[in-house]
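The values are calculated or read from the model by the stated rules, or taken from the named source; none is laboratory data. For clarity, every value in this text was computed on a predicted model and none was experimentally measured. All Cβ positions, even for glycine, are placed from backbone atoms using ideal geometry, and neighbour counts span all protein chains on display. Remember, those area values only see protein heavy atoms, side chains included, never the ligands or the DNA or RNA. Shrake-Rupley method; radii C 1.70, N 1.55, O 1.52, S 1.80 Å.
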Amino acid sequence: MRIFSGIQPTGRKHLGNYIGAIRQYVEGQDRAGASRHESIYCIVDLHAITVPYEPVELRERLYDTLTILLAAGLDPQRSILFRQGDVPEHAELCWLLSSVTALGELNRMHQFRDKSVAQRELVSAGLLFYPVLQAADVLAYRAGEVPVGEDQREHLELMREIARRFNARFGGDEEILVVPEHRIPPVGARIMDLQDPTRKMSTTGGSVEGTVYVLDDAMTIEKKVKRAVTDSEDPPVIRRGPDKPGVTNLIDILAACTGREPEAVAADFTQARGYGDLKAAVAEAVVAELAPVRERYDELRGDAAALEAILAEGAERARGLARATLTDVRAAMGVGPAA
Ligand code: AQP
């Protein structure tokens, strides 16, 4: 089985990306290695160009993102790490899959709706097509498992539908494309903004104060967590519940960082007289989780040539795998000469 996931080259990855996705990538690498499977992770520069961006910045932020992945524990000897734009098969498969994707489905995607209203000058066609390219990313590798956060569930469902539809239309008796399963973490699948715990922690939508970045130093993390919005229940009660989004988020962050069940974490605070103790514990756990990543990041980020070498080798390996799928897809669709 293959594990595949993609991450945007936004550089400033946040705690949501880290808990919802990056930690799962490392766990997938370990699991894949133990069972002779493959783990494949892609930094999706072609997705990043669907909203306004600076070309020079894109390359630098891509290096930042790759360095965060390496610092978090991804190992190019054990996982394939590459840049999406270096493997043209993704764009080709995207186009081929567009023939089994309905316009109405793309129009209904929440991410498209949310992001298109935020564009001032131009809503790019790429933004609409984003989920088709994402489907191509995964389906090109016939991946069986896709580690993602909760916000990507809808795109994963569409991807599965595209694969099923492709197989039904062009596969005959064969399953040309693998219908992948998502892997969403049981705790921390949707880390919320510390200042507005009713919305997800996000790169583009939230405030700097409500977003903990992977590269924030200890003092900054402590300050952000201390100022996290909770509620005014009197006396304060530390429990999870839809009526307590801020406290629920803090409990979930603490649970995710300490590898414990949220209910067990909450039970530690039954005697607490306020939310201060919980916040102190959360800050300590987040600092403990992220400090080693930041230190390693500082060691690795300066060597752009080494980062490029990792990406080049990864792209070559990825291309070999993707090409095999494209050959089958083209043949099944009647595109190009007969084999
Ligand atoms: N708040 C979150 N909690 C848990 N997981 C999350 N992810 C994103 N936000 C949260 C997961 O992180 C992975 C990589 O995401 P991405 O960098 O490719 O961008 P994204 O999904 O669009 O989320 P961002 O980073 O917050 O950006 P914007 O602001 O553009 O939405 C994905 O697996 C995602 O599920």
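Quick one: how many residues across the stretch 182-238 are within 14 Å of the ligand (Cβ to nearest atom), surrounded by 15 or more Cβ atoms within 10 Å (Cβ to Cβ) and over 15 Å from residue 286 (Cβ atoms)? Final tally of qualifying residues: 14.
In the stretch 99-112, is there at least one residue being acidic (Asp, Glu), within 12 Å of the ligand (Cβ to nearest atom) and either surrounded by fewer than 21 Cβ atoms within 10 Å (Cβ to Cβ) or outside any helix (DSSP H, G or I) (or both)?
We begin by selecting, within the stretch 99-112, every residue acidic (Asp, Glu); these are 105.
Restricting the remaining residues to those that are within 12 Å of the ligand (Cβ to nearest atom) gives none.
Looking through the stretch 99-112, none of the residues is acidic (Asp, Glu), within 12 Å of the ligand (Cβ to nearest atom) and either surrounded by fewer than 21 Cβ atoms within 10 Å (Cβ to Cβ) or outside any helix (DSSP H, G or I) (or both).
In the stretch 280-295, of all residues being under 22 Å from the mean Cα position of the chain (by Cα) and of a type in the set (A, V, I, L, M), the one that is surrounded by the fewest Cβ atoms within 10 Å (Cβ to Cβ) corresponds to 288.
Is at least one residue of the stretch 72-93 within 19 Å of residue 214 (Cα to Cα), in a helix (DSSP H, G or I) and out of contact with any Pro (no Cβ under 8 Å at 6 or more places or on another chain)?
Going through the stretch 72-93, the residues within 19 Å of residue 214 (Cα to Cα) turn out to be 72-75.
Still in the running and in a helix (DSSP H, G or I): 72.
Filter once more, so that each one left must be out of contact with any Pro (no Cβ under 8 Å at 6 or more places or on another chain): 72.
Yes.
Within the stretch 2-15, is even one residue more than 9 Å from the ligand (Cβ to nearest atom) and without any contact (Cβ under 8 Å) to a residue 24 or more places away in the chain? No: the stretch 2-15 contains no residue that is more than 9 Å from the ligand (Cβ to nearest atom) and without any contact (Cβ under 8 Å) to a residue 24 or more places away in the chain. Residue pairs whose Cβ atoms lie under 7 Å apart, separated by 6 or more positions or on different chains, with the first residue in the stretch 160-187 and assigned to a loop (DSSP other than H, G, I, E, B) and the second acidic (Asp, Glu), are 176/328; 180/145; 184/150; 187/252. Return the residue satisfying two criteria in turn: it lies in the stretch 115-134 and is within 15 Å of the ligand (Cβ to nearest atom) and exposed (fewer than 13 other Cβ atoms within 10 Å of the Cβ), and of such residues it is nearest to residue 161 (Cα to Cα). This residue is 117. Of all the criteria given as (1) closer than 24 Å to residue 285 by Cα; (2) within 14 Å of the ligand (Cβ to nearest atom); (3) crowded, with 20+ Cβ neighbours inside 10 Å, the one not satisfied by residue 29 is (2).
Yes or no, residue by residue, for (1) modelled with pLDDT under 95; (2) farther than 23 Å from residue 328 by Cβ; (3) not assigned by TED's automatic domain parsing to the domain that holds residue 316:
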site	(1), (2), (3)
40	no, no, no
66	no, yes, no
77	no, yes, no
80	no, no, no
118	yes, yes, no
125	no, yes, no
136	no, no, no
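For the stretch 263-279, name all the residues that are part of a helix (DSSP H, G or I), in contact (Cβ under 8 Å) with a residue 12 or more places away in the chain and open to solvent by 60 Å² or more (accessible area, probe 1.4 Å). Once the filter is applied, which keeps residues that are part of a helix (DSSP H, G or I), in contact (Cβ under 8 Å) with a residue 12 or more places away in the chain and open to solvent by 60 Å² or more (accessible area, probe 1.4 Å), the stretch 263-279 yields only 263.
Within the stretch 291-339, work out how many residues are part of a loop (DSSP other than H, G, I, E, B) and in contact with a Ser or Thr (Cβ under 8 Å, 6 or more places away or on another chain). So that I can check it myself, show each step before the final result.
Taking the stretch 291-339 and keeping what is part of a loop (DSSP other than H, G, I, E, B), we get 301-303, 334-339.
Subset that is in contact with a Ser or Thr (Cβ under 8 Å, 6 or more places away or on another chain): 301, 339.
Result for the stretch 291-339: 2.
Only one of the numbered conditions (1) open to solvent by 70 Å² or more (accessible area, probe 1.4 Å); (2) in a helix (DSSP H, G or I); (3) modelled with pLDDT under 95 is not met by residue 59, and that is (3).
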